[in-house]
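The values are calculated or read from the model by the stated rules, or taken from the named source; none is laboratory data. Just so we're clear, the structure is a prediction, and the values are computed from it rather than from any experiment. Counting neighbours? That spans all protein chains shown, and the Cβs are built from the backbone with ideal geometry, glycine included. What goes into the accessible areas is simple: the full protein's heavy atoms, side chains included, and nothing from ligands, DNA or RNA. Shrake-Rupley method; radii C 1.70, N 1.55, O 1.52, S 1.80 Å.
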Amino acid sequence: MSQRNERSMQSELQGVSRWLIHHAARRVPESLSSRLEEEWLADLECRSSALSRLGLALGCWWATMVIVNEYSRARVPVPSPVLAARGYITIADRSFSYFSLPSATLS
């Protein structure tokens, strides 16, 4: 592959990575959106390779799924802590039962 084509591909991957991060940040609750986008884009700029940047962007999408899942779960106070851990009952079921959300990471 020529050096010009390689630079073009890296530029395209950079654009895709920035697009993924931008859209991932827009899917989280509004109170977190701009802060996460700023942090993720700053981390993106620190990455040296195009594949590392793409990996970060995919990790941001994964984090977005986890954040949205956690924020969307409605919690209802329970009168007795014996009925539920921490005094709450989770009403919405997690739809990611095939993955372990807290332990899964992409680097």
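What's the number of the condition ARG94 fails, among (1) basic (Lys, Arg); (2) modelled with pLDDT under 55; (3) surrounded by 14 or more Cβ atoms within 10 Å (Cβ to Cβ)?
Status for ARG94: all satisfied but (3).
When you scan the stretch 1-45, how many residues do you find that are touching a residue at least 40 places away in the same chain (Cβ under 8 Å), under 10 Å from ALA57 (Cβ atoms) and open to solvent by less than 30 Å² (accessible area, probe 1.4 Å)?
Residues in the stretch 1-45 being touching a residue at least 40 places away in the same chain (Cβ under 8 Å), under 10 Å from ALA57 (Cβ atoms) and open to solvent by less than 30 Å² (accessible area, probe 1.4 Å): 3 in total.
Within the stretch 23-58, count every residue that is outside any helix (DSSP H, G or I) and closer than 21 Å to GLU12 by Cα.
Final tally of qualifying residues: 3.
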